[in-house]
Each structure stands twice: as C-alpha cells, then as structure tokens.
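Heads up, the thing below is written out as structure tokens.
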Amino acid sequence: MTWASIDLNADLGEGFGHWRLTDDEGLLSVVTSANVACGFHAGDAVTMRRVCDLAAGRGVRIGAQVSYRDLAGFGRRSMDVPADELAAETAYQIGALAVFARAAGSRVSYVKPHGALYNRVVHDEEQAAAVVEGVLLSGERLPVLGLPGSKLHTMAEKAGLPTVTEAFADRAYTAQGTLVPRGESGAVISDPAAVVERSVSMARFGVVTARCGRSVGVRARSLCLHGDTPGAVALARRIRGELESVGVRVQAFV
C-alpha cells in the first residue's frame, strides 16, 4: 500500500542535563511528529519541557518515546522486565511527558517504543501486551507507532488502540521486513543519496531493497529520520524536499 501523504518523525530530546545529542530545533523545522524521550533512555524534565515548547510552537505533534529504564545503555540493551513493571513504567513515562505537552498548549498524540524495547515488541507478545497495557493505564487511547506486522500492533488492535505503521529512512531491512540489528554490519545506511532514494521508494511505492538484494514491502504511514547521525538536519531537509518534489504530501498522521 502506498500513501498520498506521509508523516516524518524523529527522536528528539535525547540529551541529559547539559549534554545534548540531537539538534532538536533544527529537526523540528522539518518533521511533523516528535518522538520525545521521557527520561528512561535519555531526557530529563527540563529537556522534555523545552522540546514540548518548541514542538507546540511549530505545530509538530508530540509523541512519547517510551523505553526500558536504561540511561547508561541509551535504551539499546535488551532487558527482561516483568510485564506489570513494564506497563507501569510505560504509563509513568507517558504521564511525565503529558504534563509538559499540556503546559505548552499541546498534548501527547501517540506512543512509540525506543531502541531495544522497539525491537523486542516486534516479536515478543508478552512485552508488547505490557506496553499496550501501559498506554491504557495512562488514561488515553493513544495511537501506537511501530513496525508493520509487529506483535505490538497486534496487541494494540486487540485492545482497540489505533496503530500507525512506520519505516526507517537510514536502516537496513531483512528479507522478512524487519530491521537489521544495529550490532550487525551494514545495519545503518550512511550514504545520504541512498537514504533519500529509499525514503522516496517507501513513501511512493511501499517497497525497499533488503540487505539480501530483494525488494520487500514496507507499508508505512510515518518515516523515521534519525537525529543522532552526522548531518541529520541537512539530510532531513533533503528527504522532505525530495518527497515533496515528487508529489508526496508531508503531514502528521494525527
């Protein structure tokens, strides 16, 4: 399936204290949805407030990027967290961000897992169900952003939550349509021209070339642009410009 329009999202607020990883202001001039770190893999109260203020001022939708509690590992280390604990911590993160979103005159519009949790809930039904329970516990029936065909989306749909399919501009795909693990060679696409070409292919035609060379279907309503890579803002602008030049409307999914 292809879409006449596509959302562009980026992971923002991934700093802590005086340390900043992403150019939040620059990316917010390009993207339509902001996945804001909620303090478990990155981010703190001041950072969350700042990013929410910036996003609201630009009309960018605010999403809670929930994670395992892993500041030291940036949320990229797999963890075996009991389901009830993961549900509570998911709700906790959404609630923390909601305070600053409301103060900025906006709201939390969706939820997206981060890092190891994102990859885990592709295939782990118990952890996926726990994330969904956490979304419901937060008191909002928020859309859940994730990979097409993931257990997360299956469990969200069973609970009556909206689901939004996502693709990645700069990540390599397996023949099964899942992401190549970051620890493997070639997992991240570093050639800007290739990233732009893949973005247009996924948005217009719903396909991407997997690492094995096969074309695989990618049904995406939102395209993730990573902000923690060199030249991220310039690349994001280039992707958006190319999408718009071929007639793809860039707009938020909510």
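Side notes on the structure shown:
- Over the chain, DSSP H runs of length four or greater, each weighted -39,500 (n - 2.57), average out per residue to a 222 nm ellipticity of -12000 deg cm²/dmol.
- The mean sequence distance of close C-alpha pairs (under 8 Å, at least 6 residues apart), as a share of the length of the stretch 152-220, puts its relative contact order at 32 percent.
- Dipole of the chain, positive end: most advanced residue of H226, F205, L117 [Cβ charges, Cα centre]: F205
- Inverse mean reciprocal Cα-Cα distance (Kirkwood Rh) of the stretch 9-129, Å: 14.1
- For the stretch 74-107 and the stretch 15-45, distance of Cα centres in Å: 15
- Protein-only accessible surface at a 1.4 angstrom probe places the residues K112, K158 in the order K158, K112, largest first.
- Based on C-alpha pairs under 8 angstrom that are at least 6 apart in sequence, the stretch 1-97 has a relative contact order of 26 percent.
- When the convex hull of its Cα atoms is projected in every direction, mean area for the chain (nm²): 12.1
- Length added when fully stretched, V254-R237, from 0.36 nm per residue minus Cα-Cα: 4.0 nm
- Accessible surface of the chain [probe 1.4 Å, protein heavy atoms]: carbon and sulfur percent: 51
- With R₀ set to 22 Å, the beta-carbon distance separating A193 from R58 gives a calculated FRET efficiency near 0.20.
- Hydrophobic long helices, here whole DSSP H runs in the chain with Kyte-Doolittle means of at least -0.5 and Cα atoms spread over 27 Å or more along the helix axis, are found at 83-103.
- Exposure of H153 as accessible area (Å², to 10), given a probe of 1.4 Å and all protein chains: 10
- Put a plus charge on the Cβ of each Lys and Arg, a minus charge on the Cβ of each Asp and Glu, and nothing anywhere else: the dipole of the chain about its Cα centre is then about 640 debye.
- The chain, relative contact order in percent, only Cα pairs under 8 angstrom and at least six apart counted: 23
The values are calculated or read from the model by the stated rules, or taken from the named source; none is laboratory data. No experiment lies behind these values; they were computed from the predicted model shown. Note: ideal-geometry Cβ built from the backbone for every residue, glycine included; neighbour counts use all protein chains shown. To get the accessible areas, we keep the full protein, side chains included, count just its heavy atoms, and leave off ligands, DNA and RNA. Shrake-Rupley method; radii C 1.70, N 1.55, O 1.52, S 1.80 Å.
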